[in-house]
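Chemist: Take a look at the following structure, please.
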Amino acid sequence: MLPELAVFGWRNHVSRSWSKVWTKSVSQMAAKVMRTRDAAAPGPVNGNVLPLAMPSDQKQLRLGGAEILNCTVKALKQGQVVAVPTDTIYGLACLAQNSEAVKKIYDIKGRNGQKPLAICVGEIHDIYRYCKVNVTEALLSDLLPGPVTLVFERSEVLNKDLNPFTSLVGVRIPDHAFIRRLCQMSEQPLALTSANISSHTSTVEVNEFKELWPKLAVVVDGGPIGDQCRLGSTVVDLSVLGKYKIIRPGCARSSTVDVLEHKHGLSENSDL
């Protein structure tokens, strides 16, 4: 089940246990910050919906998890960049098949154009459309969803303007219900990278990348993720049959290597 979310007008006084969205108006929203409500926080709950408290000159509305998803999907399909929680760190996302949106991510982060972006999909079967997979589905299922980025040869279907300097692409299925459902509703992969200025520390709370908010269409706040996740996902190259290479240790190196070597018989590729 998706977490309950509440949205509040930027002029409202709101207790720290409630979530907020800062907007200039209901009809003309700038960057929106959407926060999940603390599970222990007091307040009225109607099903999976929390009250939407707006400034006194606006009628009271309600906004639940489905509406947050719809709002975020709409922004993505309009070619915008959004910030979302994952199972490791906060990420910036756009539609991977939209070349202009991909360029926006690089501009927002100040990222070197020769650094690749990963893609994020909702289900394991989606990987086969955008990657040339040379491992078993059982291996994929043992690692995904989870805090791992798997690198394969890219397929011809993937946007040629995404990482045009390499034939490889990293793919993620985070163990996080919101972003997985977001991918499913978007009906195409998301380009995904960390929500920070390039070379700065990865972020595990939305307040850590406040300087980026004005450049984003939507910021979805799932609360603090946990400092132990700040290393990000473990990135492993599986593009060579029967081999693996850890590109970034990340937060799940040991468990990933255990699955690759002891359960599926892959050996480390020292040539990469």
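Here, each number is a calculation from the coordinates, and none is a lab measurement. What you see is a predicted model, and the numbers here were worked out from it, not measured in a lab. Cβ coordinates were reconstructed from backbone atoms using ideal geometry, including for glycine residues, and neighbour counts include every protein chain displayed.
Chemist: Let me know the volume per residue of the alpha-carbon convex hull for the range 78-268, in Å³.
Modeler: 104
Chemist: Per 0.36 nm of contour for each residue apart, how much would the distance between D175 and A66 grow if the chain were fully extended, relative to their Cα-Cα spacing?
Modeler: Once the chain is fully extended between D175 and A66, it gains 37.4 nm.
Chemist: With a ≥ b ≥ c taken as the square roots of the eigenvalues of the C-alpha gyration tensor of the range 217-272, please select rounded if a/c is under 1.5 and otherwise prolate if a/b is larger than b/c or oblate if it is not?
Modeler: It comes out prolate by the Cα gyration axes.
Chemist: Please list, in chain and number order, the residues 5+ apart from A252 or on another chain whose amide H is under 5 Å from its amide H, with Hs placed from the backbone.
Modeler: T234
Chemist: Any of K109/K215; K74/K215; K74/K132; K109/K245; K132/K245; K115/K160 with alpha carbons more than 19 Å apart? Name them for me.
Modeler: K74/K132; K109/K245, as the Cα separations exceed 19 Å there.
Chemist: I would also like to ask the following. Compute the distance in nm between two label points, each set 7 Å from the Cα along the Cα-to-Cβ direction, one at R253 and one at Y128.
Modeler: Each label point lies 7 Å from its Cα, and together they span 3.3 nm.
Chemist: With a point put 7 Å past each Cα toward its Cβ, work out how far L168 is from Q78 in nm, to one decimal.
Modeler: Rounded to a tenth, the inter-label distance reads 3.7 nm.
Chemist: Oh, and also: Report the gain in length on full extension from Q184 to V240: 0.36 nm times residue separation, minus Cα-Cα distance, nm rounded to one decimal.
Modeler: Gain on stretching Q184 to V240: 17.3 nm.
Chemist: Here is a further query. How much net charge surrounds R180 when only other residues with a Cβ under 11 Å from its Cβ are counted (Lys, Arg +1; Asp, Glu -1)?
Modeler: -2
Chemist: Can you tell me the order of 210-221, 89-100, 258-269 when each peptide is scored by its average per-residue count of other Cβ atoms within 10 angstrom, highest first?
Modeler: Top of the packing list down: 89-100, 210-221, 258-269.
Chemist: How big is the charge dipole of the range 134-271 about its Cα centre, in debye rounded to the nearest 20, if each Lys and Arg gets +1 on its Cβ and each Asp and Glu gets -1 on its Cβ?
Modeler: Approximately 140 debye in magnitude.
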